[in-house]
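Accompanying notes for the structure given below.
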Number of protein chains: 2
Amino acid sequence: MGALRLPALTSIFTSSSSVRSSPAIFPLKHRLRLPLRRPFSAQSTTEKVVAPELGDGKGKVVDKEKDRVITPRSQDFNAWYLDVIANAELADYGPVRGTMVIRPYGYAIWEAIQEYMNVKFKETGHSNMYFPQFIPYSFIEKEASHVEGFSPELALVTVGGGKELEEKLVVRPTSETIVNHMFTQWIHSYRDLPLMINQWANVTRWEMRTKPFIRTLEFLWQEGHTAHATAEEAEEEAMQMIDVYTKFAYEQAAIPVIAGRKSRVETFAGASTTYTIEAMMGDRKALQAGTSHNLGQNFSRAFGTQFTDENGQRQHVWQTSWAISTRFVGGIIMTHGDDAGLLLPPRLAPVQVIIVPIWKKDNEKAGVLTASSSVKETLQAAGIKVKIDDSDQRTPGWKFNYYEMKGVPLRIEIGPRDVSSGTLVISRRDVPGKQGKVFGISMEPSALVAYVKDKLNEVQSSLLERATNFRDSNIMDVSSYDELKDAIAQGKWARGPWSAGDEEESKVKEETGATIRCFPFEQPEGPKKCLMTGNSADEVAIFAKSY
Amino acid sequence: MGALRLPALTSIFTSSSSVRSSPAIFPLKHRLRLPLRRPFSAQSTTEKVVAPELGDGKGKVVDKEKDRVITPRSQDFNAWYLDVIANAELADYGPVRGTMVIRPYGYAIWEAIQEYMNVKFKETGHSNMYFPQFIPYSFIEKEASHVEGFSPELALVTVGGGKELEEKLVVRPTSETIVNHMFTQWIHSYRDLPLMINQWANVTRWEMRTKPFIRTLEFLWQEGHTAHATAEEAEEEAMQMIDVYTKFAYEQAAIPVIAGRKSRVETFAGASTTYTIEAMMGDRKALQAGTSHNLGQNFSRAFGTQFTDENGQRQHVWQTSWAISTRFVGGIIMTHGDDAGLLLPPRLAPVQVIIVPIWKKDNEKAGVLTASSSVKETLQAAGIKVKIDDSDQRTPGWKFNYYEMKGVPLRIEIGPRDVSSGTLVISRRDVPGKQGKVFGISMEPSALVAYVKDKLNEVQSSLLERATNFRDSNIMDVSSYDELKDAIAQGKWARGPWSAGDEEESKVKEETGATIRCFPFEQPEGPKKCLMTGNSADEVAIFAKSY
């Protein structure tokens, strides 16, 4: 390529071994100009492995910088999304079509999700464990709708240790079948119930249209699996877990998802009921961000997962499964990001505060760096995720743009005058320009910590509020099919009463491209008439185009 | 089977919803008698899926308990190992030959390892990330000795989405090849170095002889991968990481590993040098418990991973990789376990303290349970991993055996007399009978917390000391091949000077079954003569039979 690269994450985010010659210069004006990077979308979309070019061979790679502007979000949402992922170094394409390498900055967001979820799962009585990823092909065939749903997407291992296998193995697309095979061996009596487990794992689905984070051949997720003695308990569990996901979305990811029930057509292959959280992305498409399935006895009947109840009767267990995946990272990017790049909710941001020391003269440098380090230590000790970028190979202006593009919620600037006055400057990523900038914040540790925590909370709430307003102004209540078509044509979500059948649902999809995202749990009161048939309807449904 | 099962972990380890009728009775005497469980070794060793039997269909599964004694360790080490894994519910066989389901109690040990390692990896400058598990077959062929080492063990995906693939895909056995493919795209200048990453992942190796945790078709591990500008830095990194592993083994797992360098024959396929930690199991076989490889420029040359140095010259990067896996859990079992079952080092134990409330009469129960809960809360608040087993379906004696078998380091007993005197009884898992039992410990929170922490440290040190003594008394210094053969025949490790060639090394293996485990870093001083050739030797090597 020979194109110019941002410094590797490791060199930026680790301690400063690279303080070199030229003093940094503070530019008065800076726009979103970033070093050119080959756009994500242009990279290895086939399985061919292309040897990357090697620059000009003269060691001038870094010096030959070209500026590059991220495609504006409003101009081309998809190009913007891929640009952000590439420039912020969230992910890269793997050598096999449709696979993705999750880079450290992207993976750290996933780790923040894991950390939160792990606590919630344990609080709600689940234990982590691990099932093998190879599943005998015959397992997949046992549950009729499951095999129908998954067989087109399977990756199959047919050779092991140099020999053709007698039975081909499925690389797990999801684990209900192998889980039930094991549950059948572990569950005997009602005393063994409920059995509530979770695993963090990779899964493989041979998708034809892929998109980083949103839909990849292999992705990371957690899958919870539970077995219960009664239908009621399973239903309660399925609802409990969609509730955990909903709270996570609102409180951590600042994404105002709409939780509800899937239509029969959109229900998970093998489930009795699927609950979902649906998020509105910046282009107003819906993203299914998490699901919780009440599996009824579908898998327990297929696998003979039975228990002896208190009366000595053999019964099939009632089950649930529920999952969120690295797709959620894509949801965060597409909910909050803007023309300047990524914008991360503070509670999931790998770096919550970036400190940029600013000096013009060499004799100012030491003082500024000392003050910056001490601020860093203060914040770190208070549990805030903070980094300094004290490299002098980049101007402060370049750094401002860079960390804005990386979505760091708060920036602290410390210059020579700040050092003398014992103050610093704080800028909010979500409020551009002077409006989001406050001068003269005291460096006094306890005051500073309180101020920063407060600001982080403000950014967190403001992201949720902004996304909620955006969502609400883009949902139209409709009472006829014409109104629905109109809403979808405008790129909005349509919400209207629905009691029509699967066929009418398919018709809507064919004619408008929209599907029923869910029957939301929150329903308007009063009598309703189906927008399609005019018959009475119990519920409104939300229709939207989706990822 | 119809055989009897221990209660599921979830029901034992979660809160007590199951306080029922019959008061528990305290038996004066208890031996290691546990409910019969189908031995691990008898289970699904083929890929055939056998529908499990369903008990007697009369709900009497739990009531029909038979007692079963874990095979004594001294009698049959392998049978003991499998019995412990089955009875302690650490793991179970998966449906595909050689695969393993890691059950919650076993997985929690792995999580404790992860938690420690993650902190150390980050402290030493590494970031977590994730690479796809599917690797184009052509990648594996690029590094000559790598393909030779791994090709017999590969699982191949040949079908995806219903179609035969143009290029078959390898399910990663390790990731050096795909890592280098990506590094080649990310590394351009010396400023991008060092690049230091780690991933937690599953890997697949088509092993013929499998054993739970020790060698399975699929296992979990972390693999670190780094790229450096100089050979010296890579060597330093490889040494740093074997050092991290060594400290972990000693300080957390209480395993006195011997760290050293592998012989050329035993070096990782593709590495220049392999460093290893070798642990002595209870049967005196060696277990390779972790490795750190200096890869030199082997992979960077194969994949063209180059950077432009400070003088503008293109250079190949110098690399390392290093890994520990779920095999370590097997190492912990086989190092510390005894005839009573598992024995876990407190720092890795999922449950550090088990509280067993004891009452005879119904009117004693409430007081005992209240005191037990309050002790539990006290310890929990101090960061100690503590559980109560207040179920009244089992006798205290049964529970004593059960948690001894599960390897819980400390047991607290609280009876009616303890409640009146405000004291309790503490027993150490590692010191059987009365010797390990202390009466009259005060329930006063700060005193109790200090006492328990102290005891946990004592158990931790004592396990390390015991294992170190065992190790040292089973290594023989040898100065001739006859002495070596004698040591190996006695089941011991032989340590002696070695400067002979690969051929002599193979001869030793053929004739004694022992291999060079390592040239230990700690070397005796003074001149040495090769035990095989009589030529002068720089180093002693350790020979042993191994897993």
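None of the figures in this text is laboratory data; all of them are computed from the coordinates on show. Quick caveat, the model's predicted, so the values are computed rather than measured. FYI the Cβ positions are ideal-geometry reconstructions off the backbone, even for glycines, and counts take in every protein chain you see.
Values as computed for the structure displayed
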item: Sparse-neighbourhood loop sites, trypsin sites (Lys or Arg not before Pro) in the range A:154-209 - DSSP loop, at most 12 other Cβ within 10 angstrom; result: A:R209
item: Value of Rg to Rh for the range B:131-206 (Rh from inverse mean 1/r over Cα pairs, i.e. Kirkwood); result: 1.02
item: For q = 0.19, 0.21 Å⁻¹, Debye-computed log10 I/I(0) when each Cα of the range B:59-188 counts as one equal scatterer; result: -1.21, -1.26
item: Rounded to 5, percent antiparallel among DSSP beta bridges of the protein assembly as shown; result: 85 percent
item: Sequence ranges A:79-85, B:335-341, A:357-363, ranked by mean other-Cβ count within 10 angstrom, highest first; result: A:79-85, B:335-341, A:357-363
item: Residue order, fewest to most surrounding Cβ atoms within 10 angstrom, among B:Y403, A:Y137, B:Y190; result: A:Y137, B:Y190, B:Y403
item: Net dipole in debye of chain A [+1 Lys, Arg Cβ; -1 Asp, Glu Cβ; about Cα centre; nearest 20]; result: 2560 debye
item: Cα-only radius of gyration and Dmax that characterise the range B:420-482, units Å; result: 18.5, 67
item: Karplus-derived 3J(HN,Hα), 6.51/-1.76/1.60, for each residue of the range B:438-445, Hz, glycine and proline x; result: 10, 9, x, 6, 5, 7, 4, x
item: Label geometry 7 Å along the beta-carbon vector: A:D283 inter-copy distances in nm; result: 5.9
item: Förster radius 51 Å - calculated FRET efficiency between A:E483 and A:F439, Cβ distance, rounded to 0.05; result: 0.50
item: Radius of gyration and Dmax over the Cα atoms of the protein assembly as shown, both given in Å; result: 30.8, 99
item: Furthest towards positive pole of dipole, B:G422, B:P497, B:N298, structure part chain B, Cβ charges; result: B:G422
item: 0 to 90° range, to nearest 10: angle between helix A:502-512 axis and chain A longest Cα axis; result: 30 degrees
item: Label 7 Å beyond Cα on the Cβ vector: A:S446 copy-to-copy distances, nm; result: 2.3
item: Neighbour-count order for A:C530, B:C518, fewest beta carbons within 10 angstrom listed first; result: A:C530, B:C518
item: Dipole of chain B, positive end: most advanced residue of B:M100, B:V386, B:L165 [Cβ charges, Cα centre]; result: B:V386
item: Crossing angle, helix B:77-87 versus chain B [Cα axis fit, 0-90 degrees, rounded to tens]; result: 60 degrees
item: Förster radius 60 Å - calculated FRET efficiency between B:K507 and A:S421 (Cβ-Cβ, nearest 0.05); result: 0.15
item: Antiparallel %, DSSP beta bridges [both residues in chain A], to 5; result: 85 percent
item: Inter-centroid distance (Cα atoms) of the range A:164-230 relative to the range B:356-418, Å; result: 35 Å
item: The range B:431-467-the range A:264-280 distance, computed between alpha-carbon centres (Å); result: 52 Å
item: Number of partner chain Cβ atoms within 10 Å, mean per residue of B:218-225; result: 1
item: Compactness relative to 2.2 N^0.38 Å, alpha carbon Rg of the range A:159-310; result: 1.18
item: 222 nm mean residue ellipticity, helices alone, for the protein assembly as shown (DSSP H n ≥ 4; -39,500 (n - 2.57); rounded to 500); result: -10000 deg cm²/dmol
item: Label 7 Å beyond Cα on the Cβ vector: B:D486 copy-to-copy distances, nm; result: 10.0
item: Burial order of peptide ranges B:311-317, A:150-156 (average beta-carbon count within 10 Å, highest first); result: A:150-156, B:311-317
item: Sparse-neighbour loop sites [GluC sites (Glu not before Pro); the range B:485-547; at most 10 other C-beta within 10 Å; DSSP]; result: B:E522, B:E525
item: Inter-centroid distance (Cα atoms) of the range A:504-547 relative to the range B:72-113, Å; result: 51 Å
item: Degrees between helix A:104-123 axis and first principal axis of chain A (Cα, 0 to 90, nearest 10); result: 50 degrees
item: For B:K529, residues with placed amide H under 5 Å, excluding near neighbours; result: B:A537
item: Positive dipole terminus of the range B:327-481, leading residue within B:I412, B:T395, B:M334 (C-beta point charges); result: B:T395
item: Sites A:E377 and B:V431, calculated FRET efficiency, Cβ-Cβ separation with R0 51 Å, nearest 0.05; result: 0.70
item: Share of pairwise Cα separations in the range A:458-540, more than 15 Å, in percent; result: 61 percent
item: Simple Cβ-charge dipole of the protein assembly as shown, Lys/Arg +1 and Asp/Glu -1, about Cα centre, in debye nearest 20; result: 980 debye
item: Virtual paramagnetic centre 7 Å along Cα→Cβ of B:N474, amide N under 14 Å, in the range B:403-432; result: none
item: Student exercise, the range A:204-306 dipole from Lys, Arg, Asp, Glu Cβ charges, in Debye to nearest 20; result: 560 debye
item: Whether the range A:314-398 is rounded, prolate or oblate, judged on the alpha carbon gyration tensor where a/c under 1.5 counts as rounded; result: prolate
item: Neighbour-count order for B:F77, B:F121, B:F139, fewest beta carbons within 10 angstrom listed first; result: B:F77, B:F121, B:F139
item: Distribution of pairwise C-alpha distances over the range A:262-302, 5 Å bins, in %; result: 6, 23, 23, 19, 13, 8, 4, 3, 1
item: Of every Cα-Cα pair in chain B, the percent that sits beyond 33 Å; result: 49 percent
